[in-house]
Amino acid sequence: MNVNKINEIALRVKDNIQRVIVGKDDVIDLMLTSIICSGHVLLEDVPGLGKTMLAKALAKSIDCDFKRIQFTPDLLPSDILGLNYYNQKTGDFQLKEGPIMSQIVLADEINRATPRTQSSLLEAMEEHQVSIDGVTYKLKEPFFVIATQNPIEISGTFALPEAQLDRFFMRLSMGYPKFEEEFQILMRFKDSNPIYEIEAVVSAEEIKEARRYYSNVHVDEDIVEYILKIVTATREHEEIELGISPRGSLALFKASQAYAAINGRDYVLPDDIKFLVKPVFIHRLILNSTSQIKGRNAEDVLDSIICKINTPVEKI
């Protein structure tokens, strides 16, 4: 498989999703980049903007098992992972698989569950396996978690700890649609919901192949240095308490390769890094009191860092 094939796979999925989702090209590209990199996505936005619809459209576009978990305060780890139960007919204990055993999992409103339940996802997201009663079970590939949360509502929610936020490859926000886009949404949904009409256009094997070959995309040493300069600046910035870890820098490196591949290129551009740095880094930064006094958020701080670092010049 080469980058042209990966590009063709991405276009098929994107076109299928856009039968349901109007606009949001960048968000769809970033979701595809994450799934090819074996990463997971945190969709953070206010209710009603199409987070769940986007997740469902992606899942239906890929021929994979799909399960949705509605997170609530009374949800238990066993409700996610599964449990062993005694079968009276056979006289043996049998495993009842939880929804995490699916290939694409939608963790809806993840911040409504208790920290203990949230943490039950950690092993699955990082190791692509789960442990139940001391027995480890490998998850089917491709495995991909899309978690959603509402950043506005605080009552009855439990903020995700930094250790779990760092497990997400990207944090994305869909935002409100433009006037013309919302007009199209109303017209498209006036008779029926198009989500019920779309079918799989890509197989699980094609996604696994893309995962194996995207790393062949060339990353010039100047681009690697550019990534590391941004990372180092986050560790030394006066407004940042905790900068980007090696896991974060590796995530940006891999994301740039996959993003180039889905765009049909076998090389990474500096503009790829600029486009990817916020969704990959923004949830990994912890700001200090200085930024709060100045009224700045993580996005503002990243903007200031990127502006101060010289962009690599294309070699002739």
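Just so you know, all these numbers are worked out from the coordinates, no wet-lab data involved. All values derive from a computational prediction rather than experimental measurement. Heads up, the Cβs are rebuilt from the backbone with ideal geometry, glycines too, and the neighbour counts pull from every protein chain shown.
Worth pointing out:
- Taking amide H as placed 1.01 Å from N in the peptide plane, A107 has its amide H under 5 Å from the amide H of I69, I146, A147, T148, each at least 5 places away in sequence or on another chain.
- Estimated distance in nm for a label pair at L242 and Y213, the labels positioned 7 Å out from Cα along Cα-to-Cβ: 3.9 nm
- At R0 = 30 Å, FRET efficiency that the Cβ-Cβ distance of E181 and D65 yields, to 0.05: 0.45
- Annotation: aspartates and glutamates with alpha-carbon distance below 16 angstrom to K24 (same-chain offsets under eight excluded): D15, E44, D45, E180, E181, E182.
- Estimated vicinal HN-Hα couplings, Hz - segment 305-310 in sequence order (Karplus 6.51, -1.76, 1.60; Gly, Pro = x): 5, 5, 5, 8, 9, 5
- Dipole moment magnitude, nearest 20 debye, the chain about Cα centre, only Lys, Arg, Asp, Glu C-beta charged: 340 debye
- When the charge dipole of the chain is built from unit charges on Cβ atoms (+1 for Lys and Arg, -1 for Asp and Glu) and taken about the Cα centre, the candidate among Y86, P161, G50 whose Cα reaches farthest toward its positive end is Y86.
- Rounded to the nearest 10 degrees, the inclination of helix 246-262 to the longest alpha-carbon principal axis of the chain is 90 degrees.
- Listing L302, L76, L32 from fewest to most neighbouring C-beta atoms within 10 Å gives L76, L302, L32.
- Between the helical axis of 270-281 and the longest alpha-carbon principal axis of the chain there is an angle of about 50 degrees.
- Between L228 and Y267, the C-beta separation translates, for a Förster distance of 22 Å, into a calculated FRET efficiency of about 0.75.
- Under 5 Å, built H, 5+ apart or other chain: amide partners of I240: N288
- Here the residues C37, C307, ranked from fewest to most Cβ neighbours within 10 Å of their Cβ, fall in the order C307, C37.
- Net lengthening on full extension, N288/A200 (0.36 nm per residue, minus Cα-Cα): 27.1 nm
- Computed 3J(HN,Hα) for segment 160-166, one whole-Hz value per residue from the Karplus formula 6.51 cos²θ - 1.76 cosθ + 1.60 where θ = phi - 60°, is 5, x, 4, 4, 7, 4, 5, glycine and proline marked x.
- Note on T117, T52, T33: ascending count of other Cβ atoms within 10 Å places them as T52, T117, T33, the fewest first.
- Pairs of alpha carbons in segment 155-295 separated by more than 22 Å make up 58% of all such pairs.
- Globularity ratio of the chain, using Cα Rg and 2.2 N^0.38 Å: 1.04
- Members of K67/K190; K5/K96; K67/K229; K67/K274; K140/K229; K138/K274 lying beyond 32 Å, as alpha-carbon distances in this model show: K5/K96; K67/K229; K67/K274; K140/K229; K138/K274
- Loop-located GluC sites (Glu not before Pro) in segment 199-265 (DSSP state not H, G, I, E or B) with no more than 16 neighbouring Cβ atoms inside 10 Å: E199, E238.
- Put the Cα centre of segment 224-291 next to the Cα centre of segment 1-26 and the gap is 24 Å.
- Extension reserve of the E97-V46 stretch, reckoned as 0.36 nm per residue once the Cα distance is removed: 15.2 nm
- Theoretical ellipticity at 222 nm over the chain - DSSP helices of four or more residues, -39500 (n - 2.57) apiece, nearest 500: -13000 deg cm²/dmol
- Extension gain, K89 to R12: 0.36 nm times the residue separation minus the Cα-Cα distance gives 23.0 nm.
- Placing a pseudo-label 7 Å from each Cα along the Cα-to-Cβ vector at A163 and R19 gives an inter-label distance of 4.3 nm.
- The chain: angle of helix 204-213 to the longest principal axis, Cα-based, in degrees nearest 10: 30 degrees
- With Rh defined as the Kirkwood radius, the inverse of the mean 1/r over Cα pairs, the Rg/Rh of segment 217-308 is 1.00.
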